[in-house]
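J.: Handing you this structure, nothing more for now.
The values are calculated or read from the model by the stated rules, or taken from the named source; none is laboratory data. Everything numeric here is computed off the predicted structure, so don't read it as measured data. Methodologically, a virtual Cβ is constructed for each residue, glycine included, from the backbone with ideal geometry; neighbour enumeration extends over all protein chains shown. Side chains included, ligands, DNA and RNA excluded: accessible areas come from the protein's heavy atoms. Shrake-Rupley method; radii C 1.70, N 1.55, O 1.52, S 1.80 Å.
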Amino acid sequence: MMNRIILIGNGFDLAHGLPTSYKEFIEDYWTQWPQILKSCTSNICFDKLVTFSCRNKDWIWSDLISQWFGDQDSFKPLSARKVINTLKIDTENFTITRTPFFEAINNAVATKNWVDIENEYYQLLKRIVKRETKLYESPQSLDAELEIVKSKLVAYLSEIQKTRIIPELKNEDIRKAIYAPFKAKDISVDGRNAFDEFLTERWEKAQNAESLECKSLLHRFGYNWQFDTYDIQKHIESYDVSKHIERIYSGAVGIHDYFLLPSEILFLNFNYTKTADLYVPKNSYFKINHIHGELDNDKNPVIFGYGDEMDEDYKTISNLNDNSYLTNIKSIRYLETDNYRRLLQFIDSAPYQIYIMGHSCGNSDRTLLNTLFEHKNCVSIKPYYYEWIDENRARADNYIELVQNISRNFNSMQKMRDRVVNKSYCQPLTPVNGQP
């Protein structure tokens, strides 16, 4: 056997045109305020994250809305630049104050044009531990703010899932990539023996191409077994197993996909949305693991926090013997369901390749990613990178940045260099302008 894991992150949703990034969530959050202020009858208006205060009794909220948006009846999503301007509003007439955690989130959007909310949480948590801040005396207040942000994020994503995630959103190029046969050039040097064993096993099973097992595999991947079993039988009559394997490594044409199809595919979804489910047909043999929870499933609650036990400061936090500091550590939250255990069972069952589709591989998931990437059964890590047209009208991509992030999830750089597929064998998740 040899399996495949499709590791899905927020970039997967973005590739489908969905505004699900943390930055877009924050920009949308500010867009809600004009409507709130229109119905406000007090000189103070707040929502536990932000407080608007009027200093001038004659000041009218509608004046602020006009100054802020222009047209009161057309509340378009705010850009990051507009968020910056909002942060600076502090005049003789009114002021805007934010909780410390939300301030950090907005400052990240303002200065970097993106934000990792979970990382901002962890950085503040570490400052509390080290007593480097007077903003919080304990983690409970920070956790309360995280819970508010989480609830607003869940509401925001739930609306997107309800109105925009439809079957027509499915991308055929992404579907073909997910279900594609293995490529020998993607397999690590250390994984060659496992790959050879897989090729030999598949070859031996093809001796009886009419068997239920062979037909079942072809059926799972949408092949016409009546036609394909004839081609398979013809192939094994022409080449013995050693010649067959040699041809696969040389990239010979005419080798039926059957010999290289993954035994099983697991969709490991780090998103809260169900865009990934579009690629798992109803009653499919293949499974999806919503490792971070689902928006509409109380039995699989949303996990929102931080997961980097490899960080030196985590050891300090753990040694405090104070459980309040561990409330939103992902490794602990994983135990609320059997998602993590099922993942471990999958990676222990057989060698596997990882496709990275839209996951940044940042530190907020480092503990889990390290488990996947350095496991003895991992034979290949293939990143599907993001591509765009830069200011010089040339193609640009984030392959190197993505590999840099991947490297931080390894203890052994030797394993990293062997297992990560080099760029010449990789491709963008969605090529810019549809051009390969």
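J.: Using the heavy atoms of the protein chains and a 1.4 angstrom probe, tell me the accessible area per residue for the chain in square angstrom. List each step's numbers first, then the result.
T.: Working: 21580 Å² over 436 residues.
Solvent-accessible surface per residue comes out at 49 Å².
J.: Determine the alpha carbon to alpha carbon distance for each of LYS48/LYS299; LYS176/LYS287; LYS185/LYS382; LYS48/LYS112; LYS185/LYS423; LYS287/LYS423 and list only those over 19 Å. It would help to have the intermediate numbers written out before the result.
T.: Numbers: LYS48/LYS299 28 Å; LYS176/LYS287 17 Å; LYS185/LYS382 11 Å; LYS48/LYS112 25 Å; LYS185/LYS423 12 Å; LYS287/LYS423 29 Å.
Among LYS48/LYS299; LYS176/LYS287; LYS185/LYS382; LYS48/LYS112; LYS185/LYS423; LYS287/LYS423, the Cα-Cα distance tops 19 Å for LYS48/LYS299; LYS48/LYS112; LYS287/LYS423.
J.: Any chance you could run the full-extension gain for VAL253 through ASP348? It's 0.36 nm times the residue separation minus the Cα-Cα distance, nm to one decimal. Working shown, then result.
T.: On the way: separation 95, 0.36 × 95 = 34.20 nm, distance 3.27 nm.
Full extension from VAL253 to ASP348 adds 30.9 nm.
J.: Please identify, among ASN392, ASN171, ASN405, the residue showing maximal mean-square fluctuation in a Gaussian network model of the chain using a 10 angstrom Cα cutoff.
T.: ASN392
J.: May I ask you to list the residues of the range 158-172 whose amide nitrogen lies under 17 Å from a point 7 Å from Cα along the Cα→beta-carbon direction of SER284?
T.: Only 165-172 fall inside the zone, counting backbone N under 17 Å.
J.: Normalise the Debye intensity by I(0) for the range 87-241, one equal point scatterer per Cα, no solvent, then take log10 at q = 0.11, 0.20 Å⁻¹ and round to two decimals.
T.: The calculated log intensity ratios at q = 0.11, 0.20 Å⁻¹ are -0.75, -1.29.
J.: Here is a follow-up. Could you give the nm distance between label points at GLU103 and GLU374, where each point is 7 Å from its Cα heading toward the beta carbon?
T.: 3.8
J.: Evaluate the distance, in nm, between pseudo-label points positioned 7 Å from the Cα of THR95 and of LYS315 along their respective Cα→Cβ axes.
T.: The two pseudo-label positions are separated by 4.4 nm.
J.: Ok, one more. With the full set of protein chains in place, find how many percent of the accessible area of the chain is carbon and sulfur; take the probe as 1.4 Å.
T.: On the way: 10140 of 21580 Å².
Ligands and nucleic acids excluded, carbon and sulfur give 47 percent.
J.: Here's something else I'd like to know. If only Cα atoms are counted, what is the Rg of the chain, and what is its Dmax, in Å?
T.: 25.4, 91
J.: Multiplying the sequence separation of LYS423 and ARG55 by 0.36 nm and subtracting their Cα-Cα distance, what value in nm do you get?
T.: Values: separation 368, 0.36 × 368 = 132.48 nm, distance 5.75 nm.
Extending this stretch completely gives an extra 126.7 nm.
J.: Given springs between every Cα pair under 10 Å in a Gaussian network model of the chain, which of ALA252, ALA194, ALA144 has the largest fluctuation?
T.: ALA252
J.: Grab the beta carbon distance between THR31 and ALA396, set R0 = 30 Å, and tell me the FRET efficiency rounded to 0.05.
T.: Working: r = 30 Å, r/R0 = 0.98.
My answer for the efficiency is 0.50.
J.: Could you state the orientation-averaged shadow area of the convex hull built on the Cα atoms of the range 309-349, in nm² to one decimal? Walk me through the intermediate numbers first.
T.: On the way: hull surface 14.0 nm².
Spelled out: convex hull of the Cα atoms, projected over all directions, averaged, 3.5 nm².
J.: If you check each cysteine of the chain for another cysteine whose beta-carbon is under 4.7 Å away, which ones come up empty?
T.: So, CYS54, CYS214, CYS361, CYS378, CYS426.
J.: Let me ask something additional. Would you mind counting up the charge near VAL241? Only other residues with Cβ under 14 Å from its Cβ, with Lys and Arg at +1 and Asp and Glu at -1.
T.: Working: positive: ARG202, LYS205, LYS243, ARG247; negative: ASP196, GLU197, GLU201, GLU204, GLU237, ASP240, GLU246.
Combined, the nearby Lys, Arg, Asp and Glu give -3.
J.: Run lengths n ≥ 4 of DSSP H only: what is the helix-derived mean residue ellipticity at 222 nm for the chain, with -39500 (n - 2.57) per run over all residues, to the nearest 500? Walk me through the numbers before you get to the answer.
T.: Numbers: 19 runs with 191 residues, N = 436.
Mean residue ellipticity at 222 nm (helix-derived): -13000 deg cm²/dmol.
J.: Related question: Return the distance in nm (one decimal) between the two label points of a simple spin-label model at GLU137 and ASP277, each offset 7 Å from Cα along Cα→Cβ.
T.: My value for the distance between the label points is 4.5 nm.
J.: Using Cα springs under 10 Å in a Gaussian network model of the chain, which residue among SER158, SER250, SER216 shows the largest mean-square fluctuation?
T.: Answer for the Gaussian network model of the chain: SER250.
J.: Now for a different question. Using a 1.4 Å probe on the protein heavy atoms only, what accessible surface does ASP116 show? Give it in Å² to the nearest 10.
T.: 40
J.: Can I ask one more? When you have a sec, figure out the Kirkwood radius of the range 253-390 from all distinct Cα pair distances and drop it here in Å to one decimal? Please list the in-between numbers first.
T.: Working: mean 1/r = 0.0585 Å⁻¹.
One over the average 1/r among Cα pairs gives 17.1 Å for the range 253-390.
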